[in-house]
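Each remark here refers to the structure printed beneath this line.
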Amino acid sequence: MGGIALRVRLVGGDSMDVTYEHPDAASDAEVIDHVVATLSSDSGVLRCRHGDRLLVLYARGTSALEVAPRGAVL
């Protein structure tokens, strides 16, 4: 299972750090490709975690993503 930490900038200007795990991905590059492909469509949705809470991230509310080498600070 591959997982990454993302810093998400929302359309409203706020940002948050979330983690996303993809069960079929073998590497971080595959996870990043999946995230970008999902959020590039208007109906894209990702189930992420913000600390111990489940978060649903919609493509329409996202303006930018940042992937840090060691992950974002949660």
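Throughout, read-outs are computed from the coordinates displayed, never taken from laboratory work. All values derive from a computational prediction rather than experimental measurement.
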Report task. Report, by chain and number, residues whose modeled amide H sits under 5 Å from the one on Ala25, excluding near sequence neighbours (fewer than 5 apart, same chain). Result -> Gly2
Query - Expected 222 nm ellipticity per residue - DSSP helices of 4 or more, -39500 (n - 2.57), all of the chain, to 500 - result: -5000 deg cm²/dmol
